[in-house]
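Notes follow once the structure below has been shown.
The values are calculated or read from the model by the stated rules, or taken from the named source; none is laboratory data. What you are looking at is a predicted structure, and each value in this text was computed from that prediction instead of being measured. Cβ sites come from the backbone with ideal geometry, for glycine too, and all protein chains shown count toward neighbours.
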Amino acid sequence: MKAETRVIEAPGLRFAWLWWLLGWALVVLTVNDSLEMHPPAAFELVSDKLVHFVGYFALAMWFAGVTRARRYPLVGVLLIGLGGLLEILQGMMNNGRQAEWLDLLADSLGVIAALGLAYAGLGRWAMWIERLLGVQKK
């Protein structure tokens, strides 16, 4: 394992590479869903702002679970930056989607709520799952 990887990932994760791979897959899905011409039909059943809040809450909690607590602020800045970038791109693309700064606010509140819970102890969820499955790093 490279030194820079050990600085980022949560200590004690045997399958850190898998957790990170799945997290990046979630980011790719988020980017795709944010920039496609018509959002998935399932998203139309609930408030757009709730979808933004829950989506970014999930991303922040995911990455909090696979990184060290001292990196939570970086996770927050990067995810909020992603939300802002996607809103700008939606405004520039002229594909029927529009930039809404209240969406960025919902993204930001989701990130802040997740990281608050991560600091409170829920950020160790990936280690709990590995322990539950009996595959934790020794």
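Of the residues Val135, Val111, which is among the aliphatic types (A, V, I, L, M), surrounded by 20 or more Cβ atoms within 10 Å (Cβ to Cβ) and either touching a residue at least 40 places away in the same chain (Cβ under 8 Å) or touching a helix residue (DSSP H, G or I) at 6+ places or on another chain (Cβ under 6 Å) (or both)? None of the others qualify; the one that does is Val111.
Taking the criterion of being part of a helix (DSSP H, G or I), in contact with a Ser or Thr (Cβ under 9 Å, 6 or more places away or on another chain), surrounded by 18 or more Cβ atoms within 10 Å (Cβ to Cβ) and polar (S, T, N, Q), would at least one residue in region 87-95 satisfy it? So far as region 87-95 goes, yes, one or more of its residues are part of a helix (DSSP H, G or I), in contact with a Ser or Thr (Cβ under 9 Å, 6 or more places away or on another chain), surrounded by 18 or more Cβ atoms within 10 Å (Cβ to Cβ) and polar (S, T, N, Q).
The residues of region 100-138 that are at pLDDT 90 or above, of a type in the set (A, V, I, L, M) and not in a helix (DSSP H, G or I), listed by number, are Ala120, Leu133. On the stretch given as region 33-72, residues that are loosely packed, with under 14 Cβ neighbours inside 10 Å and either without any contact (Cβ under 8 Å) to a residue 24 or more places away in the chain or part of a loop (DSSP other than H, G, I, E, B) (or both) total 11. With respect to the stated conditions, Ser34 is in contact with a Gly (Cβ under 9 Å, 6 or more places away or on another chain) and either closer than 26 Å to Met93 by Cα or modelled with pLDDT of 75 or more (or both). Sub-8 Å Cβ pairs linking a first residue in region 86-97 that is at pLDDT 90 or above to a second residue that is assigned to a helix (DSSP H, G or I) and crowded, with 18+ Cβ neighbours inside 10 Å, at least 6 apart or interchain, are Leu86/Thr30; Leu86/Ser34; Glu87/Asp103; Glu87/Leu104; Leu89/Ser34; Gln90/Ser34, ordered by first then second residue. Inside region 37-69, can you point out the residues that are of a type outside the set (A, V, I, L, M, F, W, C), closer than 22 Å to Met92 by Cβ and over 15 Å from the mean Cα position of the chain (by Cα)? Matches in region 37-69: His38, Pro39, Pro40, Asp48, Lys49.
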